[in-house]
Amino acid sequence: VPTLRWTGESLRIIDQRKLPGRTVYIDCRDVGSLAEAIRTLAVRGAPAIGLAAAYGTVISALHHRGSSSFRDLVASDIEVLASTRPTAVNLFIALSRQRSILEASPDGGEAARRLLSSADSMLEEDLAASRAMGALGADLLGSRCSILTHCNAGGLATGGLGTALAVLYEAHRRGLLEMAYADETRPLLQGSRLTAWELRRAGIPVTVLPDSAAASLLSSGAVAAVFTGADRIACNGDTANKIGTYPLALAARAAGVPFYIVAPLTTFDPRRPDGSSIPVEQRDAGEVLRCGSSAVAARGSGVFNPAFDVTPNHLISAIVCEKAVIRAPFHEEIRLLTAGMACATFLSNAPGEQREGLCE
Ligand code: MRU
């Protein structure tokens, strides 16, 4: 999926706000327009916003390379990018990695070159992680079956292949996928607009359902497993993902259907002992009050619109990352997988994030 591409002077992104009706690309040539694209979900999904922000630092360095204070100017653009969305930790890991490179660069031109090479590496790492997660996740399926997913954890949410959807793509390739069920994912419809678009493009049969129909589907026995992505995973396995993931996990548990999270190690936050301190983004009331340009709530209604919820670890059957399938008790394996990892070091210095110690 052509989620994002560096053109040599700008970051070209597919405008996900317009899908599935129109395929429109935006060239982000300055940090302000890229930050706005992230904030308004033109580019979205935890790994994709990390990658977009990494390329944003290249845009900034190219812009400021001639200035004697290029380091301060790029650092201030990094803070702008870090302020766009609070929940997906991939954003902070990517920016933290870029900031270390900026600090070690002798001049603006060299900083731009090194930041670009680092952003390109992150994109390659993302694609490699997706492939590995797809294979490990598909290994969990015993026989041909149907799978339910929530939101969009596909190519559009990553560098081009996906996390949860990488499993569906691989299952399809192995002839194991009967039907993909996609929750529509109110209020912004990432499931019906984006997941269904991606899966249909790949020739995969997809059935869209209202979020409120998921429990009925699960209890009917039509689905063998649920796979979703994640925006941030705490040390004990508690997982923040798109709003509606927690009730889906509850319904899967009640129906006896395994519930899997699929996420690369750049989605793990080794500083959060559990999910209680994960920052949950609250979004604009208009997203709930309107659908497109039509009002769908009575004038004067109040709105509760958290973009994410946190699923407690005891509802998660396993977490699939690029290195392993992690099962309860999650804490020890997550500690081993993230110990000494670059992301732990980067995070202790992450822009826009609280400075906290790593969990033991
Ligand atoms: O608000 P969004 O669309 O950015 O939320 C995206 C999700 O919740 C995804 O499930 C998550 O980022 C995982 S993407 C591989």
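The figures follow:
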item	result
Karplus (6.51, -1.76, 1.60) ³J(HN,Hα), θ = phi - 60°, over region 189-194, in Hz, Gly and Pro reported as x	6, 4, x, 6, 7, 9
Farthest toward positive dipole pole in region 3-148 [+1 Lys/Arg, -1 Asp/Glu at C-beta], among Y55, Q98, G137	G137
Mean residue ellipticity (222 nm) of the chain, computed from DSSP H runs ≥ 4 via -39,500 (n - 2.57), nearest 500	-12000 deg cm²/dmol
Fraction of accessible area attributable to carbon and sulfur, region 252-333 (%, probe 1.4 Å)	54 percent
Under-5 Å amide H pairs with A153, H placed in peptide plane, nonlocal only	L165
Shape parameters for the chain, alpha-carbon atoms, Rg then Dmax in Å	19.7, 65
Cα-centred dipole magnitude for region 188-294, charges only on beta-carbon of K, R (+1) and D, E (-1), debye, nearest 20	200 debye
Beta bridges per DSSP with both ends in the chain, % antiparallel, nearest 5	50 percent
Inter-label distance for S293 and S276, nm, one decimal - labels placed 7 Å from Cα along Cα-to-Cβ	4.8 nm
Phi to ³J(HN,Hα) by Karplus 6.51 cos²θ - 1.76 cosθ + 1.60 over region 119-126, Hz, x for Gly, Pro	4, 4, 5, 4, 5, 5, 4, 4
Degrees separating the helix 164-173 axis from the principal Cα axis of the chain, which is the longest one	60 degrees
Computed FRET value (nearest 0.05) for A222 with R327, which takes r as the C-beta separation and R₀ as 35 Å	0.90
Student exercise, the chain dipole from Lys, Arg, Asp, Glu Cβ charges, in Debye to nearest 20	780 debye
log₁₀ of I(q)/I(0) at q = 0.11, 0.13, 0.15, 0.18 Å⁻¹ - region 204-303, Debye sum with one point per alpha carbon	-0.47, -0.65, -0.82, -1.02
Residue among L165, V325, V223 farthest towards the positive dipole end of the chain, charges placed on Cβ	V223
Debye, to nearest 20: dipole size of region 36-174, +1 on Lys, Arg Cβ, -1 on Asp, Glu Cβ	380 debye
Rounded to 10°, Cα long-axis angle of helix 89-104 versus longest principal axis of the chain	20 degrees
Whole-number accessible area per residue in Å² for the chain, which is evaluated in the context of all protein chains at 1.4 Å	38 Å²
Listed residues I243, S76, W197: farthest to the positive end of the dipole of the chain (Cβ charges)	W197
Share of Cα-Cα pairs in region 1-109 lying beyond 16 Å, as whole percent	54 percent
Table column - 3J(HN,Hα) (Hz), region 195-204, Karplus curve with 6.51, -1.76, 1.60, x for Gly and Pro	5, 5, 4, 4, 5, 5, 4, 8, x, 9
Computed E for M179/S301 - FRET, C-beta separation, R0 35 angstrom, nearest 0.05	0.45
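The values are calculated or read from the model by the stated rules, or taken from the named source; none is laboratory data. Keep in mind that this is a model prediction, so the values were computed, not measured. With ideal geometry, Cβ positions are generated from the backbone for all residues, glycine too; neighbour counts draw on all protein chains shown. When the accessible area is computed, the model is the full protein with side chains, heavy atoms only, and any ligands, DNA or RNA have been set aside. Shrake-Rupley method; radii C 1.70, N 1.55, O 1.52, S 1.80 Å.
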